[in-house]
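**Q** Before anything else, here's the structure in question.
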Amino acid sequence: MSRKIKFCKMHGAGNDFILINNNQGHISGEENSLIRTLCHRHLGIGADGLMLIDFEDHKNFNLRYFNADGNESTMCGNGARCAVYFVHQEFPGTDQFSFKIAGNTYQAEIVGKERIRLEWNFYPEIKHANELRKIIPEECTAGLWIDSGVPHLVLDYPESLDNLDVSHWGPFFRKHPFFAPQGTNVNFISDQGNYLQIRTYERGVEAETMACGTGVLAAAVACQYWKKREFPVRFKAWGGTLEVGKMEDSGNLWLAGPVKQVFSGEISLEEFRGEKTEI
């Protein structure tokens, strides 16, 4: 009889993830095809990514994040917020947490019902601001390439993003030679008065997602650079509203927004191993 393991499906502003308590070592992280299949929208559970959680105690845990293509990544803002809520459900009396991902330590806390605030442990780095002018399309007024844990191109668009062809411009910049060899995530932002509209094409998902936490963080830094906004900065994505502000004590940036458990269940990993999938 195949062994079944429990999983939980959550989303942060529409950015959805499979979360697994991996204390027992169910998944080593080397199973690229298995993870890709689990994230497949038709052949698996379906998600933008998968989070493996190892508990140290009720306040501390280790986190590994895998994109829908099965490859491990160094950070995911919305996924990390979902992981915090996952641990909070295991230990409902705990509201503040510390977790490690890719060798970095982050702090997070519950700040409302189904609302998580995550403190960034470094200020995102702006790269190649001047060189980018050569490749930015005339439809955009400015662009910045920013490392917010993963690389993000942020493009300022003067009109509403509702009719923007992200399916064209996303892949165009995602694999543009300027960003070789790692490629980049691609974000479009538009000033809508009391908030900024944002749409994101994610590397590793290879599609537009309903929200992106590291993308919103990069976009907030770009807004500061372009003197568009003071903190906190409010963004509306397809899947919900996210905010970026600055901690009063440390001066670090924070990312806050909604999380929601969609469903939970059990799966047999053996039934998914060996599946050949593409995203």
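**Q** Considering only segment 241-267, how many residues are of a type outside the set (A, V, I, L, M, F, W, C), over 14 Å from Cys82 (Cα atoms) and assigned to a strand (DSSP E or B)? First the steps, then the outcome.
**A** First, the residues of segment 241-267 that are of a type outside the set (A, V, I, L, M, F, W, C): 241, 243, 245-246, 248-252, 257-258, 260-261, 264-266.
Add one more test, that the residue is over 14 Å from Cys82 (Cα atoms), and what stays is 241, 243, 245-246, 248-252, 265-266.
Applying the additional criterion that residues be assigned to a strand (DSSP E or B) yields 241, 243, 245-246, 265-266.
The total comes to 6.
**Q** Among residues belonging to segment 26-36 that are in contact (Cβ under 8 Å) with a residue 12 or more places away in the chain and not in a helix (DSSP H, G or I), point out the one that is surrounded by the fewest Cβ atoms within 10 Å (Cβ to Cβ).
**A** The first filter runs over segment 26-36 and keeps only residues in contact (Cβ under 8 Å) with a residue 12 or more places away in the chain, leaving 26-27, 29, 31-36.
Among the residues that remain, those that are also not in a helix (DSSP H, G or I) are: 26-27, 29, 31.
Working: His26: 16, Ile27: 18, Gly29: 14, Glu31: 17.
Top of the filtered list is Gly29.
**Q** Here's a follow-up. Suppose we keep only residues that are crowded, with 21+ Cβ neighbours inside 10 Å and more than 17 Å from the chain's Cα centre (by Cα) within segment 222-262. Which one would you say is farthest from Val186 (Cα to Cα)?
**A** Checking each candidate, the answer is Val233.
**Q** Kindly indicate the residue of segment 48-59 that is within 17 Å of the chain's Cα centre (by Cα) and assigned to a strand (DSSP E or B) and also farthest from Ser73 (Cα to Cα) among those meeting that condition.
**A** Applying the first criterion (within 17 Å of the chain's Cα centre (by Cα)) to segment 48-59 yields 48-53.
Restricting the remaining residues to those that are assigned to a strand (DSSP E or B) gives 49-53.
Details: Gly49: 10, Leu50: 10, Met51: 10, Leu52: 12, Ile53: 14 Å.
That would be Ile53.
**Q** Please indicate, with yes or no, whether at least one residue in segment 84-94 is more than 20 Å from Ile20 (Cα to Cα) and not β-branched (Val, Ile, Thr). Break it down into steps so the answer makes sense when it comes.
**A** Just the residues of segment 84-94 that are more than 20 Å from Ile20 (Cα to Cα), to begin with: 93.
Adding the requirement that they be not β-branched (Val, Ile, Thr) leaves 93.
Yes, segment 84-94 has at least one match.
**Q** So which of Val186, Val216, Val244, Val205 ends up being in contact with a Pro (Cβ under 8 Å, 6 or more places away or on another chain) and among the hydrophobic types (A, V, I, L, M, F, W, C)?
**A** Details: Val186 fails: in contact with a Pro (Cβ under 8 Å, 6 or more places away or on another chain); Val216 fails: in contact with a Pro (Cβ under 8 Å, 6 or more places away or on another chain); Val205 fails: in contact with a Pro (Cβ under 8 Å, 6 or more places away or on another chain).
Only one candidate passes the filter, namely Val244.
**Q** I'm checking my understanding of the structure. Among residues of segment 1-25 that are surrounded by fewer than 18 Cβ atoms within 10 Å (Cβ to Cβ) and within 15 Å of Ser268 (Cα to Cα), which one is modelled with the highest pLDDT?
**A** Lys6
**Q** Name the one entry in Gly149, Gly143 that is assigned to a strand (DSSP E or B), of a type in the set (Gly, Ala, Ser) and outside the structural domain of Glu31 (by TED's automatic domain parsing).
**A** Values: Gly149 fails: assigned to a strand (DSSP E or B).
Checking each option against the conditions leaves just Gly143.
**Q** Let me confirm something: among Glu208, Glu248, which residue is over 18 Å from Asp147 (Cβ atoms) and touching a helix residue (DSSP H, G or I) at 6+ places or on another chain (Cβ under 6 Å)? Give the derivation first.
**A** Working: Glu248 fails: touching a helix residue (DSSP H, G or I) at 6+ places or on another chain (Cβ under 6 Å).
Of the residues listed, the single one that is over 18 Å from Asp147 (Cβ atoms) and touching a helix residue (DSSP H, G or I) at 6+ places or on another chain (Cβ under 6 Å) is Glu208.
**Q** Out of the residues in segment 182-197 that are part of a strand (DSSP E or B) and more than 9 Å from Gly215 (Cα to Cα), which is farthest from the chain's Cα centre (by Cα)? First the steps, then the outcome.
**A** Taking segment 182-197 first, the residues part of a strand (DSSP E or B) are 185-191, 196-197.
Those left that are additionally more than 9 Å from Gly215 (Cα to Cα): 188-191, 196-197.
Numbers: Phe188: 15, Ile189: 16, Ser190: 20, Asp191: 22, Leu196: 18, Gln197: 17 Å.
Out of the qualifying residues, it is Asp191.
**Q** Could you go through segment 66-78 and let me know if any residue there is more than 13 Å from the chain's Cα centre (by Cα), aliphatic (A, V, I, L, M) and outside any strand (DSSP E or B). Let's see the steps before the verdict.
**A** We begin by selecting, within segment 66-78, every residue more than 13 Å from the chain's Cα centre (by Cα); these are 69-71.
In the following step, the residues that additionally are aliphatic (A, V, I, L, M) were identified as none.
No; the residues of segment 66-78 include none that is more than 13 Å from the chain's Cα centre (by Cα), aliphatic (A, V, I, L, M) and outside any strand (DSSP E or B).
**Q** Within the set of pairs 6+ apart or on separate chains, which have a first residue in segment 200-220 that is closer than 18 Å to Asn71 by Cβ and assigned to a loop (DSSP other than H, G, I, E, B), a second that is modelled with pLDDT of 95 or more and of a type in the set (Val, Ile, Thr), and C-beta atoms under 7 Å apart?
**A** Arg203/Thr184; Cys212/Thr200
**Q** Scan (1) within 19 Å of His152 (Cα to Cα); (2) assigned to a strand (DSSP E or B) for the single condition Lys228 breaks and write down its number.
**A** (2)
**Q** Being within 23 Å of the chain's Cα centre (by Cα) and either among the basic types (Lys, Arg) or loosely packed, with under 11 Cβ neighbours inside 10 Å (or both) is the filter here; which residues of segment 122-140 pass it?
**A** Within segment 122-140, just Lys127 meets the criteria.
**Q** Further question: Within segment 253-274, is there a residue that is in contact with a Ser or Thr (Cβ under 8 Å, 6 or more places away or on another chain), under 26 Å from Lys175 (Cβ atoms) and not acidic (Asp, Glu)?
**A** no
**Q** Pick out the one residue from Ile45, Ile5 that is assigned to a strand (DSSP E or B) and in contact (Cβ under 8 Å) with a residue 12 or more places away in the chain.
**A** Working: Ile45 fails: assigned to a strand (DSSP E or B).
Exactly one residue qualifies, and that residue is Ile5.
**Q** I'd like the full set of residues that are touching a Phe, Trp or Tyr at 6+ places or on another chain (Cβ under 6 Å), surrounded by fewer than 22 Cβ atoms within 10 Å (Cβ to Cβ) and among the hydrophobic types (A, V, I, L, M, F, W, C), limited to segment 37-86.
**A** Ile53, Phe55
**Q** Now for a separate question. Of everything in segment 27-48, what is more than 12 Å from Phe272 (Cβ to Cβ), in contact with a helix residue (DSSP H, G or I) (Cβ under 7 Å, 6 or more places away or on another chain) and modelled with pLDDT under 95? Give them in sequence order.
**A** None; the set is empty.
The values are calculated or read from the model by the stated rules, or taken from the named source; none is laboratory data. Bear in mind the structure is a predicted one, so any value in this text is a computation, not a measurement. Note that each Cβ is placed from the backbone with ideal geometry, even for glycine, and that neighbours are counted across all protein chains shown.
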